[in-house]
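Notes follow once the structure below has been shown.
The values are calculated or read from the model by the stated rules, or taken from the named source; none is laboratory data. What you see is a predicted model; the values in this text were computed from it and never measured. Neighbour counts are summed over all protein chains in view; Cβ atoms, including those assigned to glycine, are modelled from backbone coordinates with ideal geometry. For the accessible areas, the whole protein counts, side chains as well, though only heavy atoms, and no ligand, DNA or RNA atoms are used. Shrake-Rupley method; radii C 1.70, N 1.55, O 1.52, S 1.80 Å.
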Amino acid sequence: MVSKAAEFDTVILGGTLIDGTGGPPRRADIALSGRRIAALGDPDLPAGATARHEIDARGLVVAPGFIDVHTHDDNAVLADPRMTAKVSQGVTTVIVGNCGVSLAPITDIDPPPPHNLLGGRSAYRFGDMAAYLGAVEAARPNVNVAALVGHGTLRLCTMNGQLGRAATAAEIDAMRAGLRAAMGAGAIGMSSGLFYKPSAAAPKEEVAAIAGVLAETGGLYVTHMRNEDDRLLESMRESFETAAEAGAPLVISHHKVCRPQNFGKSVQSLQAIERARQGQAVGLDAYPYTAGSTVLDPDWVDEQIRVMVTWSEPHPEATGRDLADIAGEWGCDLREAAERLHPAGAVYFQMDEADLRRILAYPQTMIGSDGLPHDEHPHPRLWGTFPRVLGHYSRDVGLFPLEVAVRKMSGLSAATFGLADRGEIRPGNFADIVLFDPHRVADAATFADPTRLSIGIERVLVNGALAFENGQAAADGHGQVIRRGQGGG
Ligand code: ZN
Ligand code: CU
């Protein structure tokens, strides 16, 4: 109950509240004090409640700020702390360090693919997680940041360049120590990218032994699995076993089914998750597109799937063009074209809409963009993921109600990743809030024009402060580092 003389910093009046729990929309006013939510009106705040700022939310949905659980924003939050690509979608928290790739703890390397997705040599300047998180705090980004440690990064700093083999017992010990130190500094878990060359030679036993540290420290094991096409189901079994042996909750990253011969396997993959969940904690995330994106590797290209170049160091003029067209012009095959473009990045059109919808609709699926912020011509998921789920998949396609869409990008995400006091709108939680127009909200970014600002995201607050308004990100950010086991001050 709010006393009559209540004095708030901000009140949000007249909006429709979708609170992140999955519960139905309802009329409610919201009052903020400092960085937190102070009171909810039911539906109105008491007459006489006063505030320094009033936000008119009539006609708008008021929801918890979205949590982008799968990002590669490690360097982006430092290089451009306004984070326009994310706050313009209503995102207020990003989880960095995914797919085995984190900036800390390593310095002075020429990062091999996919570690170059975070930038070049100059990005890698953090000898430990404490230094990285301190730099994020100093940069004052517009979004909150929680960090995973990459198993691939631990390998890079431990194995003296011999990445094509399993780690020895001594190397495993060293990586365990590295993970323990990062967890002590506030990391929220470890990610792996067993699909990628720096980590592909790591057997399940190596990963489980390192991730075993998480049973002592807390934290999740998050994985870009070894395979997402012909050996998808085997890779899922490996992931369940790794997490179970380590004694850590599991999150399967960007769950998808690649290549036509595997289309439809999401029926079995989701059944496998459902079964595993009876004995262990398993979560998953997905992005709302049937194309993926990562580095361009000559080993992954063939006639079966369309490939579009997102950047190329030796051939920047190839950016945004199809690999097949480039190969045609050069009079060579796809593989040779990819080799000539290397180092480079690409979009791979390799999934089926029915699998995507089945995965998005699965109740445990969180939304994560997997956006690549340093790509010249990025996959549109970087700018469009969250409005696309709200507008296209929830409102237009009718895949699930709006309150379910919101839960997949807020309450479920905070609960799965253990982010305290976030993800739901209720008194005491941090005031991470998005106001959007449910009739207009839509993604505008396309594969041809991938950096267009989304539509219908009206206003975003991060820790009670304005982060986005009138199509513009705030110059002065109020994001915090979210350290494991710490609600924040
Ligand atoms: Zn990945
Ligand atoms: Cu990723």
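Couple of notes before you dig in:
- When restricted to residues that are within 16 Å of ligand 2 (Cβ to nearest atom), over 23 Å from ALA414 (Cβ atoms) and out of contact with any strand residue (DSSP E or B) (no Cβ under 8 Å at 6 or more places or on another chain), region 81-111 contains 1.
- Of the residues examined, GLY279 is not one that is in contact (Cβ under 8 Å) with a residue 40 or more places away in the chain and in a loop (DSSP other than H, G, I, E, B).
- Filter result for ALA174 (assigned to a helix (DSSP H, G or I), open to solvent by 10 Å² or more (accessible area, probe 1.4 Å), under 26 Å from THR92 (Cα atoms) and touching a helix residue (DSSP H, G or I) at 6+ places or on another chain (Cβ under 9 Å)): no
- Residue check for THR71: outside any strand (DSSP E or B), of a type in the set (Ser, Thr, Tyr), open to solvent by less than 10 Å² (accessible area, probe 1.4 Å) and in contact with a strand residue (DSSP E or B) (Cβ under 8 Å, 6 or more places away or on another chain): yes
- Which listed residue is within 16 Å of ligand 2 (Cβ to nearest atom) and in the same structural domain as GLY371 (by TED's automatic domain parsing), from ALA169, ALA146: ALA146
- Scope region 240-265; condition in contact with a helix residue (DSSP H, G or I) (Cβ under 9 Å, 6 or more places away or on another chain), more than 23 Å from GLY212 (Cα to Cα), away from ligand 1 (no atom under 16 Å from the Cβ) and open to solvent by 10 Å² or more (accessible area, probe 1.4 Å); matching residues: PHE263, GLY264, LYS265
- Only one of the numbered conditions (1) of a type outside the set (Asp, Glu); (2) surrounded by fewer than 24 Cβ atoms within 10 Å (Cβ to Cβ); (3) on the phi < 0 side of the Ramachandran plot is not met by GLY59, and that is (3).
- Of the residues making up region 181-199, those that are surrounded by 16 or more Cβ atoms within 10 Å (Cβ to Cβ) and assigned to a helix (DSSP H, G or I) are ALA181, ALA182, MET183, LYS197, PRO198, SER199.
- Flag if ALA138 is away from ligand 1 (no atom under 16 Å from the Cβ), in a helix (DSSP H, G or I) and surrounded by 24 or more Cβ atoms within 10 Å (Cβ to Cβ): no
- Checking VAL213, VAL136, VAL207, VAL149 one by one, the residue that is over 22 Å from the mean Cα position of the chain (by Cα) and within 22 Å of PHE417 (Cα to Cα) is VAL213 and no other.
- Filtering region 43-53 for residues that are closer than 26 Å to ASN470 by Cβ, in the same structural domain as ARG226 (by TED's automatic domain parsing), open to solvent by 40 Å² or more (accessible area, probe 1.4 Å) and not in a loop (DSSP other than H, G, I, E, B) leaves an empty set.
- Scanning region 81-109 for residues that are in contact (Cβ under 8 Å) with a residue 60 or more places away in the chain, open to solvent by 20 Å² or more (accessible area, probe 1.4 Å) and in a loop (DSSP other than H, G, I, E, B) turns up PRO81, ARG82, PRO105.
- Inclusion of ILE95 among residues that are out of contact with any Asp or Glu (no Cβ under 8 Å at 6 or more places or on another chain) and of a type in the set (A, V, I, L, M, F, W, C) is not warranted.
- Flag if GLU403 is open to solvent by 10 Å² or more (accessible area, probe 1.4 Å) and not assigned by TED's automatic domain parsing to the domain that holds GLU216: no
- Selection status of ARG226, farther than 23 Å from GLN162 by Cβ and not assigned by TED's automatic domain parsing to the domain that holds TRP300: no
- Counted residues, region 177-227 - those being on the phi > 0 side of the Ramachandran plot and within 16 Å of ligand 2 (Cβ to nearest atom): 1
- When the residues of region 112-137 are filtered to those that are closer than 18 Å to GLU376 by Cβ and free of Cβ contacts under 8 Å to residues at least 40 places away in the same chain, the one that is farthest from ligand 2 (Cβ to nearest atom) is SER122.
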